[in-house]
There are 2 protein chains.
Amino acid sequence: MKKFINAPEALLAEALSGIAAAHPGLKVDVENKVISRRARRSGKVALVSGGGSGHEPLHGGFVGEGMLDAACPGEVFTSPVPGQMVAAAQAVDGGAGVLFIVKNYTGDVLNFRMAAELAAEEGIAVETALVDDDVAVQDSTWTAGRRGTGATVFVEKIAGALAERGAGLAAVAEIAKRVNAASRSFAVALTACTAPASGKPGFDLPEDEMEVGVGIHGEPGRRREKLRPAKEIVATALDAILADQPLTAGDETIVMVNGLGGTPLIELYVVFHEIAAALADKGVVIARNLVGNYVTSLDMAGVSLTVCKADADMLSLWDAPVNTPALRWGV
Amino acid sequence: MKKFINAPEALLAEALSGIAAAHPGLKVDVENKVISRRARRSGKVALVSGGGSGHEPLHGGFVGEGMLDAACPGEVFTSPVPGQMVAAAQAVDGGAGVLFIVKNYTGDVLNFRMAAELAAEEGIAVETALVDDDVAVQDSTWTAGRRGTGATVFVEKIAGALAERGAGLAAVAEIAKRVNAASRSFAVALTACTAPASGKPGFDLPEDEMEVGVGIHGEPGRRREKLRPAKEIVATALDAILADQPLTAGDETIVMVNGLGGTPLIELYVVFHEIAAALADKGVVIARNLVGNYVTSLDMAGVSLTVCKADADMLSLWDAPVNTPALRWGV
């Protein structure tokens, strides 16, 4: 295993310490494993997300003005525990309640559910928005129903902007759910990733094959296929997305071409070139976009596409100021 | 070779087309291979850089307000040609002259020199700032003298900010050279990268070894070594940097922990944790930092450290607004 780490068991604490050193605007509680904004905002709905590490910059890189109030990272590919989530909620609750944004993995779902009950006992109002945008498979290794992947970024950005504007908990939860419902993702892997604790690739993939519909922990997709040109890979991913959520000419979208950690940026731009051409052919408008590494799978060479059919509210909230390590504009 | 491309010979044009689609604020001349700001700025010194592709976001990702006016990318790991550089200079010259920022590789140096002569014949005043910050080796595969690597980001940001403030060509060139002179870099690779044209890894590296002092095209470093913990790797890199540019307690620095393309962000934060601790031990202040993929080597798993001993001018210019695909703040 080739990694810039000291020891697998020290990885999370040391990475958190590095985040603290790099981003003095954030508060990092290394012991409780909570990354949060420095100042509790009285009267503002607080957004809390979390999940296993290994998907950086998700979620810690999205903590800051206009997005998350706190993130609680678990060990690599392992759900955070309810105590962390409650600590995060307590650290940022400003009296207006907390929205938990939860990717649909069974461990995350159960632990956030327990955390919501514990937080409620502490007098904190909690709503939960589930993200389940990955159309590749219906059930998977660690998930009942669809997996939650790239749409998480859209949900956190847009709901975060609405909370920043002073909306109440119900409204913030509602738009989070609406963004998730409007978003679909599909991923393709060229290589497996290597989790530090196991030290070896999560699956075997022959030199001339790709995993079509892969999950962000390396969960199996729909099928193995021979490698194909980027144009055809994009067509496959987009077909899967559009089969589930048809788009028609004039529809406005937010599109993310996301690298899974080991894919060069120059390739992500080739992929964006192809998706832009394919959507233009259908008259679908890419109103906003992200191209880069946002929801990764450690060192996996792969790419995911996420398409959100965006209404005017979503686009306006997308454009609102955001100031986090991984997304920053308008500030 | 596993890549999201259509064909190696189409890669650059398609990536440029993707950049154009993703960043409507930029002007992308796919035929001449020039990425530039939309508006020529009359009376402002224009900054132009360029080099082989494969190092994204360098340089195209640094075009925009407060940084570069134009970038001219060559084919992967291949210098752009003088005609491109002249086209870039002509596209952005606002009458106050053009600064070429050139990484020290023989092809880049020769081609930018010829371009400077051609631009002068067109009546454009040109100054050149060479970047040669890599302390690993004195001469290398494609370089006489030190290679230019991570400091390019610092030079482009700081000189770009000074140009934005309205300084003249001599002053902008002077601070670019001063930033380069104050900066040192050192890189370690865990894997080779695979250039699309060759289709295979640039060198062989056993599963338990790393290349210490690697170049951004996979040029050999100082030695091969057995893999070591992140703490020891950082010590090696920092020792090499400080041997060349000693720092003493109270010195202020800008530090970049840069991923070479295939290294997960969580590992980069572990590396930053170690460098922050090591510099704190010496009383050296990290006044500003970047942690992420800024000067990559395609899919290489590796990391480079860049340390700039920054004066107050540099820090103030660092903080000035910047609005590019890869660096954005204050706007």
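The values are calculated or read from the model by the stated rules, or taken from the named source; none is laboratory data. Keep in mind that what you see is a predicted model, and the values were worked out from it rather than measured. Every residue, glycine among them, receives a Cβ derived from its backbone with ideal geometry; neighbour counts consider all protein chains shown. The accessibility values were calculated without ligands, DNA or RNA, using every heavy atom of the protein model including side chains. Shrake-Rupley method; radii C 1.70, N 1.55, O 1.52, S 1.80 Å.
Worth a mention:
- Legend: Rg and Dmax of the stretch B:250-331, from Cα coordinates, 13.5, 37 Å.
- Convex hull per residue volume in Å³, alpha carbons only, for chain A: 118
- Distances between copies at B:A277, taken between label points 7 Å from Cα along the C-beta direction, are 4.9 nm in increasing order.
- Scaling against 2.2 N^0.38 Å puts the C-alpha radius of gyration of the stretch B:62-110 at 1.16.
- The gain in end-to-end length when the A:V30 to A:T141 segment is fully stretched comes to 37.0 nm, 0.36 nm per residue minus the alpha carbon separation.
- In the B-A interface, the accessible area buried, summed over both sides, Å² (probe 1.4 Å): 4600
- For A:D239, label point 7 Å along C-beta direction: distances to other copies, nm: 5.6
- Accessible surface, per residue, of chain B when the full set of protein chains is kept, probe 1.4 Å, Å²: 33
- Under 12 Å, Cβ to Cβ, from A:L227 - net charge with Lys/Arg +1 and Asp/Glu -1: -1
- Karplus-derived HN-Hα couplings along the stretch B:138-147 (A = 6.51, B = -1.76, C = 1.60, θ = phi - 60°), whole Hz, x at Gly and Pro: 7, 10, 8, 3, 10, 9, 9, x, 6, 6
- Karplus-derived 3J(HN,Hα), 6.51/-1.76/1.60, for each residue of the stretch B:154-168, Hz, glycine and proline x: 5, 4, 5, 5, 6, 5, x, 5, 5, 4, 5, 7, x, 5, x
- Between this copy and the others, label points of A:A312 are 5.1 nm apart in ascending order, each placed 7 angstrom from Cα in the Cβ direction.
- Rounded D (µm²/s) - the stretch B:255-301, Kirkwood Rh over Cα pairs, Stokes-Einstein at 4 °C, 1.567 mPa s: 117
- Taking GluC sites (Glu not before Pro) across the stretch B:5-85, the ones in a DSSP loop with at most 14 further Cβ atoms lying within 10 angstrom of their Cβ are B:E31.
- Charge context of A:V48, other residues only, Cβ under 14 angstrom, K/R +1, D/E -1: +1
- Share of Cα-Cα pairs in the stretch B:1-88 lying beyond 22 Å, as whole percent: 21
- Delta accessible area of at least 20 Å² on complex formation, residues of the stretch A:259-286, 1.4 Å probe, chain isolated as reference: A:G261, A:G262, A:P264, A:L265, A:I266, A:E267, A:Y269, A:V270, A:F272, A:H273
- Sequence-distant aspartates and glutamates (8 or more away, or on other chains) whose Cα lies within less than 18 Å of B:K33: A:E267, B:E9, B:E14, B:E56, B:D69, B:E75, B:D93, B:D108
- What a 1.4 Å probe finds exposed on the protein assembly as shown is 52% carbon and sulfur by accessible area, rounded to a whole percent.
- Beyond 24 Å in Cα-Cα separation lie the following of the pairs A:K44/B:K157; A:K226/B:K3; B:K44/B:K309; A:K282/B:K3; B:K2/B:K157: A:K44/B:K157; B:K44/B:K309; A:K282/B:K3; B:K2/B:K157.
- Rg and Dmax, both from the Cα atoms of the protein assembly as shown and both in Å, are 23.5, 77.
- Rg followed by Dmax, in Å, when the stretch A:11-181 is reduced to its Cα trace: 14.4, 41
- 5 angstrom amide H check on B:D299, placed H, neighbours 5+ away: B:T194
- In Hz, Karplus ³J(HN,Hα) per residue of the stretch B:228-242 (6.51, -1.76, 1.60; θ = phi - 60°; x = Gly, Pro): 9, x, 3, 4, 6, 5, 4, 4, 4, 5, 5, 4, 5, 5, 6
- Counted residue by residue at 0.36 nm each, then reduced by the alpha carbon distance between them, the extension gain from A:A39 to A:A249 reaches 71.2 nm.
- Globularity index of the stretch B:183-319 is 1.06 (Cα radius of gyration / 2.2 N^0.38 Å, N = number of residues).
- Residues of the stretch B:6-55 that bury at least 30 Å² of accessible area when the other protein chains are present, relative to the chain alone (probe 1.4 Å, heavy atoms, ligands and nucleic acids excluded): B:N6, B:L11, B:E14, B:A15, B:G18, B:A21, B:A22.
- Of the peptides B:239-250, B:211-222, A:50-61, B:113-124, the ranking by mean beta-carbon count within 10 Å, highest at the top, reads A:50-61, B:211-222, B:113-124, B:239-250.
- Net lengthening on full extension, A:D313/A:R113 (0.36 nm per residue, minus Cα-Cα): 69.1 nm
- Virtual spin-label span in nm between A:R224 and B:A235, 7 Å along Cα→Cβ: 4.3
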